[in-house]
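A quick write-up on the structure given underneath.
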Amino acid sequence: MIELEVPLADRSYPVLVGAGVRHRLLEVLPVGVKRVAVVTQASIPVEVDPGTDHRVFTMGEGEDAKDLGTIEDLCRDWAQWGLNRGDCVVAVGGGVVTDTAGFAAAVYHRGIPVVHVSTTLLGQVDAAIGGKTGVNLPEGKNLVGAFWQPAAVLCDTEVLSTLPPREYRNGLGEMAKYAFLGVDDLADLPLDEAVAACVRCKADVVGSDERESGRRAILNYGHTLGHALETAGRYDLRHGEAVAIGLIYAAELARRLGRIDSARVAAHRRVVAGYDLPLTVPPGLDPESLVDLFSRDKKAVDGVTFVLDGPAGVEPVRVDDRSLLLDTFSDVVE
Ligand code: GLY
């Protein structure tokens, strides 16, 4: 087992990574907790034992269940049970569960502790770490939420073997980005160490910029085109697959801007291809509408702010040249 810490002064918390760490739940529950509300989904084949009085609350499946209706349902169910601020929520699942249960914990009784037991690769290297919680509105994804740091995160790599192959690849797309955020030789590491290396990188970034006023934006590397492809809705892509294409696009854009050379672009292609992720956009691409979506990405604070590699590493860069953005699509078509 590898134990890491997200360093946030008096709100610092441990992240345990390894096979079977879900069985360490009792050790990481806050002191004095009497009752635990376990939030999960029917499809998640992972049981936890908090070692104290607990009930399981099952939320719906998929992004559609990540909404304010589910927050109300959970909070009302918890209130009827009598859950209070001295108790704890345990979210068992992927990003949909940890984002939703985390947000419900953030607002219930003005905030009760939450522990995330992350069961997907995507969740373990990204969603469960760093305290971003929230739900979707019909108007857009993650538009209502809160920063609410968990009391602990358990990344049980044993349960990853139960993931459908495409869900696993979904996580690899998010993992690939860390190869360009300072995690060396990521693809050569055994799974536990690779997950831990990504968590260590994210913990360091979150520790230095919890509320994304600057550096945390680098965690969105590959996400500007990635989000546009997801928002366009006409491409059959999982988040990690869309991010993988976004990484290649961002590398090609950085090369066209003279920030990196062809060898560095080739390194991007090698990492993404090594994870068997897509390097090109699906057929039927409409560059004009995707570029329109770039500036609507909620992470773009001013015009089109891309996260791009360069001599000083990956950093936010403003790109105003629309024809350059359009031309760069020629590098990501088959
Ligand atoms: N998923 C990006 C972040 O947590 O900041």
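Suppose we keep only residues that are modelled with pLDDT under 95 and not in a helix (DSSP H, G or I) within the range 320-334. Which one would you say is surrounded by the most Cβ atoms within 10 Å (Cβ to Cβ)?
Asp321
State all residues of the range 11-36 that are out of contact with any His (no Cβ under 7 Å at 6 or more places or on another chain) and more than 15 Å from Asp156 (Cα to Cα); if no residue qualifies, say none.
Filtering the range 11-36 down to residues out of contact with any His (no Cβ under 7 Å at 6 or more places or on another chain) leaves 11-34.
Listed by number, the residues that qualify are Arg11, Ser12, Tyr13, Leu29, Pro30, Val31, Gly32, Val33, Lys34.
List the pairs whose first member sits in the range 33-53 and is in contact (Cβ under 8 Å) with a residue 12 or more places away in the chain, whose second member is in a loop (DSSP other than H, G, I, E, B) and of a type in the set (Gly, Ala, Ser), and whose Cβ atoms are under 7 Å apart, counting only residues at least 6 apart or on separate chains?
These pairs meet every condition: Val33/Gly86; Lys34/Gly86.
Answer with yes or no whether Ala267 is over 24 Å from the mean Cα position of the chain (by Cα) and more than 27 Å from Asn142 (Cα to Cα).
Values: over 24 Å from the mean Cα position of the chain (by Cα): no; more than 27 Å from Asn142 (Cα to Cα): yes.
It is false that Ala267 is over 24 Å from the mean Cα position of the chain (by Cα) and more than 27 Å from Asn142 (Cα to Cα).
For the subset of the range 171-216 comprising residues that are open to solvent by 20 Å² or more (accessible area, probe 1.4 Å) and small (Gly, Ala, Ser), which member is farthest from the ligand (Cβ to nearest atom)?
If we take residues in the range 171-216 being open to solvent by 20 Å² or more (accessible area, probe 1.4 Å) and small (Gly, Ala, Ser), then Ala187 is farthest from the ligand (Cβ to nearest atom).
Hey, can you tell me all the residues within the range 262-296 that are out of contact with any Leu (no Cβ under 7 Å at 6 or more places or on another chain) and among the small types (Gly, Ala, Ser)?
Scanning the range 262-296 gives Ser262, Ala263, Ala266, Ala267, Gly274, Gly284, Ser289, Ser295.
Can you pull out every residue in the range 253-264 that is assigned to a helix (DSSP H, G or I) and open to solvent by 10 Å² or more (accessible area, probe 1.4 Å)?
Taking the range 253-264 as the starting set, the residues that turn out to be assigned to a helix (DSSP H, G or I) are 253-256, 262-264.
Arg255, Arg256, Ser262, Ala263, Arg264, listed by residue number.
Could you please find all residues in the range 92-127 being of a type in the set (Asp, Glu) and touching a helix residue (DSSP H, G or I) at 6+ places or on another chain (Cβ under 6 Å)?
Taking the range 92-127 and keeping what is of a type in the set (Asp, Glu), we get 99, 126.
Passing the criteria: only Asp126.
Scanning for something open to solvent by 10 Å² or more (accessible area, probe 1.4 Å), assigned to a helix (DSSP H, G or I) and of a type in the set (Gly, Ala, Ser), does the range 7-28 turn up at least one residue?
Pass one, the range 7-28, residues open to solvent by 10 Å² or more (accessible area, probe 1.4 Å): 7-12, 14, 19-20, 22-24, 26-28.
Filter once more, keeping what is assigned to a helix (DSSP H, G or I): 9-11, 22-24, 26-28.
After this cut, where a residue has to be of a type in the set (Gly, Ala, Ser) as well, the list is 9.
So far as the range 7-28 goes, yes, one or more of its residues are open to solvent by 10 Å² or more (accessible area, probe 1.4 Å), assigned to a helix (DSSP H, G or I) and of a type in the set (Gly, Ala, Ser).
Given the conditions (1) closer than 14 Å to Gly173 by Cα; (2) away from the ligand (no atom under 16 Å from the Cβ); (3) charged (D, E, K, R), report the number of the one that Arg238 does not fulfil.
Result: Arg238 passes all but (2).
Just checking, which of Gly102, Gly69, Gly123 is assigned to a helix (DSSP H, G or I), of a type outside the set (D, E, K, R), within 29 Å of Arg166 (Cβ to Cβ) and open to solvent by 30 Å² or more (accessible area, probe 1.4 Å)? Spell out the reasoning first.
On the way: Gly102 fails: open to solvent by 30 Å² or more (accessible area, probe 1.4 Å); Gly123 fails: open to solvent by 30 Å² or more (accessible area, probe 1.4 Å).
Of the residues listed, the single one that is assigned to a helix (DSSP H, G or I), of a type outside the set (D, E, K, R), within 29 Å of Arg166 (Cβ to Cβ) and open to solvent by 30 Å² or more (accessible area, probe 1.4 Å) is Gly69.
If Gly134 meets every condition in (1) out of contact with any His (no Cβ under 9 Å at 6 or more places or on another chain); (2) among the small types (Gly, Ala, Ser); (3) surrounded by 24 or more Cβ atoms within 10 Å (Cβ to Cβ) apart from one, which number is that one?
That leaves (3) as the condition not met.
Here is a list of conditions, (1) away from the ligand (no atom under 16 Å from the Cβ); (2) outside any loop (DSSP other than H, G, I, E, B); (3) touching a helix residue (DSSP H, G or I) at 6+ places or on another chain (Cβ under 6 Å), and Ala244 meets all of them except one; can you say which number that is?
Failing condition for Ala244: (1).
The values are calculated or read from the model by the stated rules, or taken from the named source; none is laboratory data. Here the structure is a predicted model, which is why all the values come from computation and not from measurement. Heads up, the Cβs are rebuilt from the backbone with ideal geometry, glycines too, and the neighbour counts pull from every protein chain shown. With ligands, DNA and RNA removed, areas are computed over all heavy atoms of the protein, side chains included. Shrake-Rupley method; radii C 1.70, N 1.55, O 1.52, S 1.80 Å.
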